[in-house]
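To start, the structure under review is shown below, and the notes come after it.
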Amino acid sequence: MSKQRLIIFDTTLRDGEQSPGATMNQAEKIRIAQMLEKMRVDVIEAGFPIASPGDFESVKAIAKIVKDSTICGLARALDADIERAAEALKGANSGRIHTFIATSPIHMQNKLRMTPDQVVEQAVYAVKKARHYTDDVEFSCEDAGRSEFEFLCRVIEAAINAGARTINIPDTVGYQIPHVFGTMVGNLIKEIPNSDKAIFSVHCHNDLGLAVGNSLAAVMNGARQVECTINGLGERAGNASLEEIVMAIRTRQDVFEVETHIDTTHIVPTSRLVSSITGFPVQPNKAIVGANAFAHESGIHQDGVLKHRETYEIMRAEDVGWSANKIVLGKHSGRNAFRARLQELGIHLATEQEVNAAFSRFKDLADRKHDIFDEDLHMLVLDARAQDEQVIYELVSSRVCSETGETPVAMVTLKVQGIEQSAEAIGGGPVDAVFKAIKQITGQASARLQLYSVNNITSGTDAQGEVTVRVEQAGRLVHGHGADTDIVIASAKAYVEALNKLASQQQRAHPQHDGV
Ligand code: KIV
Ligand code: ZN
């Protein structure tokens, strides 16, 4: 018997991006959206178009480029939000407007200052308005996890009558417990007279570490869409993680009546991409995508796995996209081999200028590093794309004198809006000295470094180091990343990228904290 489909709705680019410091630019969002499309995600929530002109343009660009997944834009239950979302989605093959309003007593009284009757009226109004633009309208009851059951039945029945085709039950504050939440979703489907006219969806936050458990409990009780993010990225403790949901469904086909259409072999590369773009590292023991997820340290386990893999492994590493580092290219590889490998990796460079920039970085890297791995190529392309962004500061050169027993001195040259400026600084270590010199040039004295981390992209002492920094200024958090075989230069690139973001970031509205 063929199984029902579980719709995978990815909100990395919307709810994931709402994590403080996870802001992404348009090129980065497109890159992630293309990976999600390749992974065969059914619905990509590409952003909250009214938040800022930048958010609007990103949703518009993704709607134009991504053709195989439905592209969704978030809108509060307000005219302006819905109009803006509809405008951004105009070019989509398949576009969805996702409108929402809070339904819990605490949100209605304190945030909305609306009566339950007014909330129902507004919900119906918003769904009808969204239906003027598309047949594919999703309605969410924000904070459903703390809403009254009878009221949820009322508002959902009205939203379905108004034309909503997907009803989402968010556990906005991560308050739910699996068996309670599963029963609640099952009862909603049973009690609401027109529930057969809509697909029920869940959207769980991870404040108690139960987002995946709650989502799966809802699936067992009739939910047929799960909203989730890569690496569980999202506000506070994050959202339900896509990779865990998808692999639980796939691994326990004996338990679930549903299947997904996800190509799981793209999970690890997508996880890495999201991690390097946002600067949120993946903890080593994270299920599915953590570096240790398939590593066996203890002798007993190793022995068991060698004799019979399934003794200790319930999934195959290669099924989720873990592959041994493969040597793909070297110093003598030409432009065609480079382009062909990028194509195999699903990396589409839109313009010849982008290919040239990436190829010249590849040649430069191949001079310093004998073997170039797939991971190096991903990083090269990210770097080339970052160069294409409108930048205020550009790293021209960095030189550090560092000797045992001596204070390190750094000499840095940046282009500031096209004009070269240099500075010299001493520091506690070479990276500290370089950051101080950069700060002198940019004059961003109030920028405070909150996080600095280095990871090797592949193995070996000639591997590229990937540096991530998190910088805070006047309450705004940004991440920067840089890769190089020289980690001091990688650090300088990361720091310059973060300062660029601070200098150019626009103000944006938050869907759940501002307005209704
Ligand atoms: O957590 C939440 O309630 C949301 C809604 C906007 C769906 O993100
Ligand atoms: Zn959310």
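The values are calculated or read from the model by the stated rules, or taken from the named source; none is laboratory data. Being a predicted model, the structure only gives us computed values, none of them experimental. Every residue, glycine as well, gets a Cβ built from its backbone with ideal geometry; the counts of neighbours run over all protein chains shown. Only protein heavy atoms, including side chains, enter the accessible area calculation; ligands, DNA and RNA are left aside. Shrake-Rupley method; radii C 1.70, N 1.55, O 1.52, S 1.80 Å.
Each of Gly54, Ala509, Ile441 was placed along the dipole of the chain (beta-carbon charges, centred on the mean Cα), and the one lying farthest toward the positive end is Gly54.
Hydrophobic, long helices, defined as DSSP H runs whose alpha-carbon span along the helix axis is 30 Å or greater and whose mean Kyte-Doolittle value is at least 1.6, do not occur in the chain.
Which one, Ile82, Thr70, Val127, projects farthest toward the positive side of the charge dipole computed for the range 17-131 from Cβ point charges (K/R +1, D/E -1)? Highest projection toward the positive end goes to Thr70. Placing dummy labels 7 Å off each Cα toward the beta-carbon, the span from Arg339 to Lys128 is 5.5 nm. Any idea what diffusion coefficient the range 66-190 gets from Stokes-Einstein, in µm²/s, Kirkwood Rh on alpha carbon pairs, 37 °C, 0.692 mPa s? So the translational diffusion coefficient is about 222 µm²/s. Extent along the principal axes, Cα only, for the range 141-187: 31, 19, 17 Å, with the longest axis given first. Across all directions, the shadow cast by the convex hull of the chain built on its C-alpha atoms averages 26.3 square nanometres.
Summing charges over all other residues whose Cβ lies under 13 Å from the Cβ of Gly460, with Lys and Arg as +1 and Asp and Glu as -1, gives -2.
About the Cα centre, and with charges only on the beta carbon of Lys, Arg (+1) and Asp, Glu (-1), how big is the dipole of the chain? Nearest 20 debye, please.
Numbers: 53 positive and 67 negative charges, 116 e Å.
With Lys and Arg at +1 and Asp and Glu at -1, about 560 debye.
Over the range 41-181, accessible surface divided per residue gives 37 Å², non-protein components excluded, 1.4 Å probe.
The solvent-accessible area of Glu142, taken with every protein chain present and a 1.4 Å probe, is close to 10 Å².
Where does the Debye-calculated log10 I(q)/I(0) of the range 336-466 sit at q = 0.12, 0.15 Å⁻¹, using only Cα point scatterers of equal weight, no solvent? Each listed q corresponds, in turn, to -0.61, -0.91.
One equal scatterer on each Cα of the range 408-516, no solvent, Debye formula: the resulting log10 I(q)/I(0) at q = 0.16, 0.18 Å⁻¹ is -0.74, -0.89. In the chain, carbon and sulfur make up what percent of the accessible area (probe 1.4 Å)? Carbon and sulfur together cover 50 percent of it.
The peptide list 152-161, 73-82, 117-126, 449-458, put in order of mean Cβ contacts within 10 Å with the highest first, becomes 73-82, 152-161, 117-126, 449-458. With contacts taken as Cα pairs under 8 Å and at least 6 residues apart, the range 215-277 reaches a relative contact order of 28 percent. Computed over the chain, relative contact order equals 12 percent, with contacts defined as Cα pairs under 8 Å that lie 6+ residues apart. When the Cα atoms of the range 44-84 are aligned to their principal axes, the ranges along those axes come out at 29, 18, 12 Å in descending order. For the range 393-442, what D do you get in µm² per second when you plug the Kirkwood radius from alpha-carbon pairs into Stokes-Einstein at 20 °C and 1.002 mPa s? Stokes-Einstein gives a translational diffusion coefficient of 202 µm²/s. How many angstrom lie between the C-alpha centres of the range 240-262 and the range 184-204? Cα centroid of the range 240-262 versus Cα centroid of the range 184-204: 20 Å apart. Principal axis extents of the C-alpha atoms in the range 181-280 (largest first, rounded to whole Å): 46, 29, 22.
Charge dipole (Cα centre; +1 on Lys/Arg Cβ, -1 on Asp/Glu Cβ; no other charges) of the range 160-299 amounts to roughly 160 debye. Ranked by the mean number of other Cβ atoms within 10 Å of their residues, highest first, the peptides 399-410, 354-365, 485-496 come out as 485-496, 354-365, 399-410.
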